[in-house]
1. Could you give the nm distance between label points at residue 14 and residue 125, where each point is 7 Å from its Cα heading toward the beta carbon?
2. Quick query: amide H of residue 171 versus all other amide H atoms, modeled in the peptide plane; which residues come in under 5 Å with a sequence gap of 5 or more or a different chain?
3. Between residue 105 and residue 156, what is the spin-label point distance in nm, taking each point 7 Å from the Cα along the Cα→C-beta axis?
4. Just read off the accessible area of residue 90 with the full protein assembly in place, 1.4 Å probe, to the nearest 10 Å².
Amino acid sequence: MADLQIRRYEPGDEDAVWDLHERALRDVGAYDEAYAHLDADLRAVESEYLDAGGEFLVGEVERRDASGTDSGLVAMGAIKPSPDVDHHESDPDTVVVRRMRVDPEQQRRGFGSAILGELETRAADLGFDRLVLDTTPDQMSAIALYESFGYSEVRRESTPAGERIVFEKHL
């Protein structure tokens, strides 16, 4: 695995986070402009995640091209207390894993695993003992990642945007 540097979100990351989010969803056919308004939390990461008692992590790698060395955001993920996430049950001991994304050109390098592992560590450090998350059935790589970390499917739900699978893990 290339050296992935994981750090907490900073205000200057907003555009790179949005770009990564959109590219990753488009790559799996899950981006729909009609539902982009539901992603407003990515334009307010500090208040939606950090100030709400959660965490938002980004992963960067050095990239070398003809113009030299550059650092680029290639992965991200967040956790948010469940009472603050409207489509999950409210449980003060539960945190919701959200916004797991890896640059499509950088997948299969362990970056998603690194972000998820660090999010789990931070969830435990914050005092949470259960994690929940959801994904669509078409995102097979994401499902495989979550299952490899010990997440179990608890239900499937239909939403206006399509079907989603809800997973959980107890720490």
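1. It works out to 2.6 nm between the two label points.
2. 130, 131
3. Those two pseudo-labels are separated by 3.5 nm.
4. 90 Å²
The values are calculated or read from the model by the stated rules, or taken from the named source; none is laboratory data. Note that the structure is a prediction, hence the values are computed from the model and not measured. Virtual Cβ from ideal backbone geometry, glycine too; neighbours counted across all protein chains shown. Please note that ligands, DNA and RNA were not included when accessible areas were found on the heavy atoms of the full protein model with its side chains. Shrake-Rupley method; radii C 1.70, N 1.55, O 1.52, S 1.80 Å.
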